[in-house]
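The values are calculated or read from the model by the stated rules, or taken from the named source; none is laboratory data. On a predicted model such as this, the values are computed, not experimentally measured, just so you know. Because the Cβ atoms are built from the backbone with ideal geometry, glycine has one as well, and the counts that use them run over all protein chains shown. The area values use the complete protein model at the heavy-atom level, side chains included, leaving out ligands, DNA and RNA. Shrake-Rupley method; radii C 1.70, N 1.55, O 1.52, S 1.80 Å.
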Protein chains: 2
Amino acid sequence: MDIALLGGTGDIGQGLALRWADDTNHTIIIGSRKAQKAANKAEEYETELASRGHDDVSIAGLVNEDAAARADVVVAAVPAYHLTDTIDAVADELDDTTLVAPAVGMQRDEDGFHYNRPGAGSVTQLAANAAPDDTPVVGAFHNLAAGRLANLDADLNWDTIVVGDDTDAKDTVCELAEGIEGLRALDGGPLANAAEIEGLTPLLINVARHNDGLHDLGVRFQ
Amino acid sequence: MDIALLGGTGDIGQGLALRWADDTNHTIIIGSRKAQKAANKAEEYETELASRGHDDVSIAGLVNEDAAARADVVVAAVPAYHLTDTIDAVADELDDTTLVAPAVGMQRDEDGFHYNRPGAGSVTQLAANAAPDDTPVVGAFHNLAAGRLANLDADLNWDTIVVGDDTDAKDTVCELAEGIEGLRALDGGPLANAAEIEGLTPLLINVARHNDGLHDLGVRFQ
């Protein structure tokens, strides 16, 4: 499958790109607002993967619109405050492409990190509102610590909860998620259940801050 | 330590009572609005514990006020909509007794279960607002599935996140939590961080509903 990672130059996008390239045969396309930045990062990822024995992996780096146009699945791996603009910019390229939204809205105060729930109900719902009508939107990868995800030497042993109203698109994303070693995909139901998933991310950060020896946390449901 | 479980006749209160009695030497006092109901349940728990070799365990069953008066730690194991009334009823007995709030506010619609965040910020904060000024309030045990907790044959392997503004009270509750086999206490920071913990409970239910083979879920941070 051809997967475009918009905002694939850092944070969660970097980790997903490296993990899929390392663990699967999917074709990875890095998207950015600037083509040169995307190309540089793609080359950097190729070098890292080659050092791990993947000499044959080719990763393209393109401006977001071109990355989206080539993909079967588009992951909008950008911060919540860039999400709507990013989707608007690639909307003409989406059609029935599955759009994956991993973004979470958070704010920090003196007590800790808190979920900043948008009026739409969730950040995932914001993505659905911004996407074209025939583009199925799936929420996934909200609760993965970017640092550990991007460190290919680190084991994950995490769950990711997948929500969406289009069953086929959700199944596709579950399969993509489970292609990553150590990641289990769980069905969270319809898109309307996204807020509680997004709210777990600030909790993971708060727990990591207050407990020695715990950092870059994910979660396992058991 | 003497632990009173207000609302210890069912749900999470039953599980905590049985687990503490089974795994520790703490004295357990069951509280209820009706003394006879508390006494009946206490006897039922004693019978179950005796069948597991604890012939020496004595559990008292009292009206909530009398249970609170005897305790070093009071757990308000009642549903969110009974929480304020329950704390009001025992307020004169609390003084500097540590009060533990495990309640979560949820509502259900056609999509699933959702966190029903009160205007106070969290249900745990509601408990703190209802408690006397000199009573330290600690949030804990929000994310434990009652059915599995009360089944002493079931392994837990769960985390519980503990929040509060009084460090000593929080340490006490962490120790009580870790006295239960298979339960790890994690520090979630101050009481203001409770909402994200409470929001995890409807997520656990949604995941259990949508995934075959998963039920009575708890969570592990790793």
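Can you give me the solvent accessible area of residue A:117 with a 1.4 Å probe, rounded to the nearest 10 Å²?
130 Å²
With +1 on each Lys and Arg Cβ and -1 on each Asp and Glu Cβ, how big is the dipole of the protein assembly as shown about its Cα centre, in debye rounded to the nearest 20?
240 debye
By the scheme Lys and Arg +1, Asp and Glu -1, what is the net charge of all other residues having a beta-carbon under 13 Å from that of residue B:207? Don't jump to the answer; show the numbers that get you there.
On the way: positive: A:184, A:220, B:209; negative: A:159, A:187, A:196, B:212, B:216.
Value of the local net charge: -2.
At q = 0.13, 0.16, 0.21 Å⁻¹, work out log10 I(q)/I(0) for the stretch B:115-222 with the Debye formula, treating every Cα as an identical point scatterer and leaving solvent out; two decimals please.
One equal scatterer on each Cα of the stretch B:115-222 leads to -0.50, -0.74, -1.16.
Want the number for residue A:157 to residue A:1: 0.36 nm per residue separation, take away the alpha-carbon distance, what's left?
53.8 nm
Rank these by accessible area, largest first, 1.4 Å probe: B:92, A:187, A:85.
Heavy-atom accessible area, descending, gives B:92, A:85, A:187.
Roughly what % antiparallel, to the nearest 5, for the DSSP beta bridges in the stretch A:2-210?
Bridges in the stretch A:2-210 are about 15 percent antiparallel.
Once you wrap a convex hull around the alpha carbon atoms of the protein assembly as shown, what is its projected area averaged over all directions, in nm²?
On the way: hull surface 85.6 nm².
Quarter of the Cα hull surface area: 21.4 nm².
How large, in percent, is the carbon and sulfur part of the accessible surface of the protein assembly as shown at a probe radius of 1.4 Å?
Using a 1.4 Å probe with all protein chains present, the protein assembly as shown comes out at 40 percent carbon and sulfur.
How far is residue A:72 from the same spot in each other copy, in nm, shortest first, if each label point sits 7 Å from Cα toward Cβ?
In nanometres, ordered from closest: 6.1.
Projected area of chain B, taken from the Cα convex hull and averaged over every viewing direction, in nm²?
Averaged projected area of chain B's Cα convex hull equals 11.7 nm².
Give me the base-10 log of I(q)/I(0) for the stretch A:71-174 at each q in 0.10, 0.12, 0.16 Å⁻¹, Debye formula, one uniform scatterer per Cα, rounded to two decimals.
Each listed q maps to, in turn, -0.30, -0.43, -0.74.
Among B:153, A:66, A:23, what's the order by accessible area (1.4 angstrom probe), most exposed first? Please report the intermediate quantities before stating the final value.
Working: B:153 125, A:66 85, A:23 50 Å².
If we order B:153, A:66, A:23 from most to least accessible, we get B:153, A:66, A:23.
Rounded to the nearest 500, what is the protein assembly as shown's calculated 222 nm mean residue ellipticity when only DSSP H runs of at least 4 contribute -39500 (n - 2.57) each, over all residues?
-11500 deg cm²/dmol
So what's the stretch B:1-75 giving for Cα Rg divided by 2.2 N^0.38 Å, two decimals?
The stretch B:1-75 yields a ratio of 0.94.
Any idea what the residue A:222 label distances to the other copies are, label 7 Å down the Cα→Cβ vector, nm, shortest first?
Label-point separations across copies, in nm and ascending: 0.4.
Averaged across the residues of B:181-190, what count of C-beta atoms belonging to other chains lies within 10 Å of each residue's C-beta?
4
Roughly how far apart, in whole Å, are the Cα centres of the stretch B:109-137 and the stretch B:11-55?
26 Å
Give the A-B buried accessible area in Å², both sides summed, 1.4 Å probe, nearest 100.
Result for this pair: about 2800 Å² buried.
Among the DSSP beta bridges whose two residues both lie in the protein assembly as shown, what percent are antiparallel, rounded to the nearest 5?
Numbers: 13 of 63 bridges.
Bridges in the protein assembly as shown that DSSP calls antiparallel: roughly 20 percent.
Charges only on Cβ, +1 for Lys and Arg, -1 for Asp and Glu: so what's the dipole of chain A about the Cα centre, in debye to the nearest 20?
Charge dipole, chain A, about its Cα centre: 700 debye, nearest 20.
Could you compute the net charge surrounding residue B:10? Neighbours are other residues with a C-beta less than 13 Å from the C-beta of residue B:10; K and R count +1, D and E count -1.
Net of charged neighbours comes to +2.
Using a 1.4 angstrom probe on protein heavy atoms only, which residues from the stretch B:88-128 are buried by at least 30 Å² of accessible area when all chains are present rather than their own chain alone?
B:111, B:114
Tell me the net charge near residue B:179. Cut-off is 9 Å between Cβ atoms, residue B:179 excluded, with +1 for each Lys or Arg and -1 for each Asp or Glu.
Result for the neighbourhood of residue B:179: -3.
State the answer as a single residue: which of B:130, B:42, B:114 lies farthest towards the positive end of the charge dipole of the stretch B:26-154, with beta carbon charges of +1 for Lys and Arg and -1 for Asp and Glu, about the Cα centre.
Final value for the positive-end residue is B:114.
Ignoring ligands, DNA and RNA, how do B:37, A:34, B:170, A:41 rank by accessible area with a 1.4 Å probe, largest first? Don't jump to the answer; show the numbers that get you there.
Details: B:37 110, A:34 140, B:170 20, A:41 45 Å².
My answer, sorted largest first, is A:34, B:37, A:41, B:170.
Report the antiparallel proportion of the DSSP beta bridges in the stretch B:4-120 as a percent, rounded to a multiple of 5.
Roughly 20 percent of the DSSP beta bridges within the stretch B:4-120 come out antiparallel.
Not counting ligands, DNA or RNA, and with a 1.4 Å probe, what is residue B:135's accessible surface area in Å² rounded to the nearest 10?
10 Å²
Mind checking the dipole of the stretch B:102-148: about its Cα centre, +1 per Lys or Arg Cβ, -1 per Asp or Glu Cβ, Debye to the nearest 20?
Using Cβ point charges on Lys, Arg, Asp and Glu, the stretch B:102-148 gives about 140 debye.
Measuring from a point 7 Å out along Cα→Cβ, what nm distances, shortest first, does residue B:110 have to its partners in the other copies?
Those separations, rounded to one decimal, come out as 4.6 nm.
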